[in-house]
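Notes for the one structure printed next.
Just so it is clear, none of the values below were taken in a lab; they were calculated from the coordinates. Keep in mind that this is a model prediction, so the values were computed, not measured. When we count neighbours, we look across all protein chains shown, and the Cβ atoms used for this are built from the backbone with ideal geometry, even at glycine.
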Amino acid sequence: MTFADCEPPQRSRPVLREVNFDGLVGPSHNYAGLSFGNVASARNAGAESSPRQAALQGVRKMRRMLGLGLVQGLLLPHDRPFTPWLRELGFAGSDDEVCAAAWANEPALLANVVSASPMWTANAATISPAPDTRDGRCHVTVANLSSMLHRSIEARQTAQQLRLIFRDRSLFAVHDALPAKLTDEGAANAMRLAASHSDRGLEIFVYGVDNGGKFPARQSRLAGEAIARRHGLSDEGQLHVQQSAAAIEAGAFHNDVVAVANENVLFAHAQAFEDRERVCDSIRRRVPSVQIIEAPADRVSLADAVSSYLFNSQLVTLPDGQTALIVPSECRENAAVWAWLNESIVGQTAIARIEVIEVRESMRNGGGPACLRLRVAMSDAAIASVDQRFMVDEAACDRLERVIETHWPDRIAASDLGKSELWAACRAARQALLATLGFRDEEL
Ligand SMILES: NCCC[C@H](NC(=O)CCC(=O)O)C(=O)O
């Protein structure tokens with residue numbers, strides 16, 4: 001059965017466009033090696049970071065998207081070091097005393113509340129656009145990110161921002177994070193396939209299973225099922241798929257390291273899913289117009305997919321209807337990946353065009369172009385309803401660059417994490433950003 005068979009014809013169906021909300025890289029961006037199973041994070045543990053370069057690379061990415069005619073939004077860095085969390089663990093005194101005591105007690109505790117990990121907004125929430133849901137609203141579930149300690153701290157502040165952005169409750173429903181045992185990493189493990197953004201879609205939830213491998217599975221099946229239920233998806237409109245154990249073992253800690261979808265195009269590694277044939281058959285049955293573009297393992301190994309982040313590209317529809325793949329520059333540096341893309345993909349498949357962008361600072365923590373954005377398909381009325389301080393145009397990029405250049409630390413070395421100068425610089429930088437964008441203290 002396809003959607004066309006079971007749906008009444010939709011009258012005056014609004015046109016939806018995708019908005020990408022990029023996470024602005026926070027002033028505390030550093031390499032503390034906190035994400036077990038994320039090979040880039042482990043490899044770069046202890047290296048010196050450049051928060052300023054990282055944030056500027058992010059703004060340049062937003063400019064590129066605007067230049068392509070796409071709609072761009074942003075999510076803000078969280079309060080760091082996040083002392084309320086340390087206080088819950090019993091540390092007391094002034095903010096600096098709390099941080100110093102945590103550092104002296106166990107440096108990793110402080111590293112957790114300093115991490116700039118909210119930049120990867122593909123993990124902020126899972127989105128079900130309006131055409132997919134029973135009540136016709138766009139549903140949003142904040143991710144609990146409970147697999148990794150540093151990321152489990154994010155949900156509270158993320159929820160606060162998403163409620164500010166999606167404030168019109170006739171158009172949006174923002175749900176709190178699921179209970180921690182239902183590990184949920186948000187949109188990085190969800191894909192949507194539909195004839196177009198405006199049509200009713202098939203939402204694919206990809207979960208992992210822990211079966212004695214060396215790396216943890218970070219998304220539970222129960223989380224995807226709970227999200228589908230609370231968002232009001234139909235049975236035909238959801239599919240729950242197991243990520244392949246081989247992909248997790250190769251370092252694909254989220255599905256978006258091995259697969260990405262846009263409208264009716266699915267771009268994936270042949271070893272992305274546990275039961276590939278069955279998954280592809282169910283997708284083809286439910287979305288008859290789907291085009292599945294697969295990288296065979298003999299052209300692109302899982303190791304190449306993970307090191308180049310080929311599938312962590314943004315797959316987008318340009319205003320002229322063409323499909324473009326926005327790849328990280330690491331793809332151009334990988335001979336096998338670059339040859340396959342140019343010989344077999346561009347112009348030979350639905351992917352008409354490739355854009356190369358550089359987000360190297362984020363990549364070194366395992367976050368590519370797709371990790372840095374939360375995509376939300378919305379009608380123009382819904383776009384107009386969001387808090388416009390979270391929408392980005394060229395002038396906003398100019399303002400962001402100025403505040404980053406003035407306030408973001410140039411470098412952070414591992415030993416800097418315990419220094420009060422760094423904590424003060426991070427607080428001041430965020431305050432300057434909030435003031436620049438017109439936020440009052442009590443709002444965030
Ligand atoms: N979607 C990309 C997420 C990358 C993220 N990296 C990190 O948190 C690295 C943090 C550190 O090692 O400091 C993660 O693994 O969740």
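For this structure, a couple of remarks:
- Some residue of segment 230-240 being over 30 Å from residue 34 (Cβ atoms), in contact with a helix residue (DSSP H, G or I) (Cβ under 7 Å, 6 or more places away or on another chain) and not in a strand (DSSP E or B): yes
- Pair list, Cβ under 8 Å, 6 or more apart: segment 216-243 residue without any contact (Cβ under 8 Å) to a residue 12 or more places away in the chain, other residue of a type outside the set (S, T, N, Q): none
- Filter result (in a loop (DSSP other than H, G, I, E, B) and either among the aliphatic types (A, V, I, L, M) or free of Cβ contacts under 8 Å to residues at least 24 places away in the same chain (or both)) within segment 27-53: 32, 33, 34, 45, 47
- Residues in segment 241-260 that are part of a strand (DSSP E or B) and within 16 Å of the ligand (Cβ to nearest atom): 243, 259, 260.
- Selected residue [under 28 Å from residue 400 (Cα atoms), free of Cβ contacts under 8 Å to residues at least 60 places away in the same chain and not in a loop (DSSP other than H, G, I, E, B)] from 118, 84: 84
- Among the residues making up segment 19-38, none is of a type in the set (Val, Ile, Thr) and within 10 Å of the ligand (Cβ to nearest atom).
- Some residue of segment 152-172 being closer than 23 Å to residue 236 by Cα and in a strand (DSSP E or B): yes
- Residue count for segment 290-314 satisfying the condition of being within 28 Å of residue 71 (Cβ to Cβ) and more than 16 Å from the ligand (Cβ to nearest atom): 4.
- Restricted to segment 121-148, and to residues there that are assigned to a helix (DSSP H, G or I) and small (Gly, Ala, Ser), the residue that is nearest to the ligand (Cβ to nearest atom) is 122.
- Matching option when the condition is within 16 Å of the ligand (Cβ to nearest atom), buried (at least 19 other Cβ atoms within 10 Å of the Cβ) and not acidic (Asp, Glu), among 325, 341, 372: 372
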